[in-house]
Amino acid sequence: MSQRENMIAAEQTSNDACVDGTMNGWFSEISDEMWPGQAMSLKMTEVLYKGKSDFQDVMVFQSQSYGKVLILDGVIQCTERDEFSYQEMIAHLPLCSIHDPPKKVLVVGGGDGGVLREIIRHPTVEHLDIAEIDGKVIEVSKMFFPGMSCGFDDPRVHVNVCDGIKFVGDAPEGSYDAIIVDSSDPVGPASVLFEKPFFEKIHRALKPGGVLTTQGECIWLHAELIKDVLEMCKGIFVGGSVQYGYCSIPTYPSGQIGFVMCSKPTAAGKTVDFSKPVRLPPVAPGKSPRVCSSGADRFDALGFPAGFQLALFPPLHTHGPLPARHVASSDLSSDELNKK
C-alpha cells in the first residue's frame, strides 16, 4: 500500500499505549532544562554500544526507522537517516557565502565527522583543523557511522583531541577563513560555548572577511537564548553581519535546528549576506554510505538558490519570532515572507 493508504488503514493509538510504549524498547529524549514537557522517542531494535568516556555517557543503538543513532548524555546527536540535513547546512551556509573561496577552516566539536565530510567537498580547502574534546566520540563514530566518519580520512584533516575553547584561544590572530562550531546544547560545561569570551576568541581567530557558523538551538524552544546570542554577536562582529537561519530535521527537538551566522568585515568594510550565497555547494562524490557521501543528492535536488533559502526571522520579541514561510525562490526578503 502507499504511505497514504497505510495511514488511512492504521488504527488509532490510545494515550495509554503511548505511555506504556516508552517502557518497552523505546528511547525517549527527556530534558526538563532544554525541552520541558516534551520528548522525542525512537523505537530501538538493538543496543550496539554503551560506554562512558571521561566526559559523557555514549550509546549507539539501531532504530526501527532512522538507522543507527548516536546518543550522548541522553541526547540524540545524529541518526543515519536525517543527519545530512544538519551537516550540510552548518557547513555549506558559511563556505558558500564567504566572498573568497575558503582555504583554512576550523571545526570545534563535530567528533562524528559529518561536518568534516561536507567541508572536504570544497576543493579550495587546503587545511582543515578539528578540535574535539572527546576522543571516544571519534572512536565510536568510526566504528558505527562510516558514512560520517569518512570525513576523518582526508589528508587535509588535522585532528586535535583537546579543549576547543583553548584551541581557538591559542590560534594566531587571523588564522581561519571559516570556523564552524558543532556544539552540544548549552547545558553544564558546554554552556561556555554560548558565552561572550568564546565568541571573542573566534572573532580574533578569523581572518578579515572570515565567517562563523555555530549550532543555534531551536527557535520554538529557545527564543530567549537565541535573541541573547544574536545581540551579543552584534556587539562583537561590529561592521560585519549577524544572521539566523534554520533547517528541518525530524529527530531534533521540535523538528528544527538553527544556526547563528556571523561574518567579520574585510579591511575595506565588505561583509557577507548569508541569504545570498556566492557559489554552489560542491557535488557529493557518491551516494553509497560507504563512500564519503552524505545523501547530498537530496540536498542538491532542492535547487539553488531555493535550497539555500534561509528562514531569516525578524527581531526576536518576548512573544517569540514569526516563522518565515518556505518558498521555492530566494527573491523574497524575510519581511516579505512574513507578510504572506
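The values are calculated or read from the model by the stated rules, or taken from the named source; none is laboratory data. Fair warning: this is a prediction, and the values are worked out from it, not measured in the lab. We place every Cβ from the backbone using ideal geometry, glycine too, and count neighbours over all the protein chains shown. Side chains are part of the model used for accessible areas, which takes the heavy atoms of the whole protein and leaves out ligands, DNA and RNA. Shrake-Rupley method; radii C 1.70, N 1.55, O 1.52, S 1.80 Å.
See the values below:
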quantity	calculated
Subset of the range 19-43 (residues that are open to solvent by 40 Å² or more (accessible area, probe 1.4 Å), in contact (Cβ under 8 Å) with a residue 24 or more places away in the chain and either at positive phi or not acidic (Asp, Glu) (or both))	Ile30, Gln38, Met40
Looking only at the range 142-168, and only at residues there that are open to solvent by less than 50 Å² (accessible area, probe 1.4 Å) and aliphatic (A, V, I, L, M), the one that is nearest to Asp82 (Cα to Cα)	Met148
Residue among Cys247, Cys262, Cys233 that alone is open to solvent by less than 50 Å² (accessible area, probe 1.4 Å) and assigned to a helix (DSSP H, G or I)	Cys233
Set Pro94, Pro102, Pro155, Pro146: member being in contact with a Lys or Arg (Cβ under 7 Å, 6 or more places away or on another chain) and not polar (S, T, N, Q)	Pro146
Filter result (under 13 Å from Ile202 (Cβ atoms) and in contact with a strand residue (DSSP E or B) (Cβ under 7 Å, 6 or more places away or on another chain)) within the range 140-168	Gly164, Phe167, Val168
Residues within the range 118-141 that are aliphatic (A, V, I, L, M), touching a residue at least 60 places away in the same chain (Cβ under 8 Å) and open to solvent by less than 50 Å² (accessible area, probe 1.4 Å), tallied	4
Hey, Lys103 without any contact (Cβ under 8 Å) to a residue 12 or more places away in the chain and either open to solvent by 10 Å² or more (accessible area, probe 1.4 Å) or hydrophobic (A, V, I, L, M, F, W, C) (or both) or not	no
Condition met for Thr13 (of a type in the set (Val, Ile, Thr), in a loop (DSSP other than H, G, I, E, B), open to solvent by 30 Å² or more (accessible area, probe 1.4 Å) and modelled with pLDDT under 95)	yes
Criterion violated by Ile219 - all others in (1) open to solvent by less than 10 Å² (accessible area, probe 1.4 Å); (2) at pLDDT below 90; (3) assigned to a helix (DSSP H, G or I) satisfied	(3)
Considering residues of the range 47-88 that are of a type in the set (D, E, K, R) and assigned to a loop (DSSP other than H, G, I, E, B) only, the residue nearest to Pro250 (Cα to Cα)	Asp82
Any hit, the range 169-184, residues being modelled with pLDDT under 95, open to solvent by 30 Å² or more (accessible area, probe 1.4 Å) and touching a strand residue (DSSP E or B) at 6+ places or on another chain (Cβ under 9 Å)	yes
Enumeration of residues in the range 51-105 that are under 20 Å from Ser183 (Cα atoms), hydroxyl-bearing (Ser, Thr, Tyr) and within 18 Å of the chain's Cα centre (by Cα)	Thr79, Ser85, Tyr86
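Conditions (1) more than 17 Å from Cys78 (Cβ to Cβ); (2) touching a helix residue (DSSP H, G or I) at 6+ places or on another chain (Cβ under 9 Å); (3) modelled with pLDDT under 60, marked per residue:
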residue: Glu5; (1), (2), (3): yes, no, yes
residue: Thr22; (1), (2), (3): yes, no, yes
residue: Ser41; (1), (2), (3): no, yes, no
residue: Lys52; (1), (2), (3): yes, yes, no
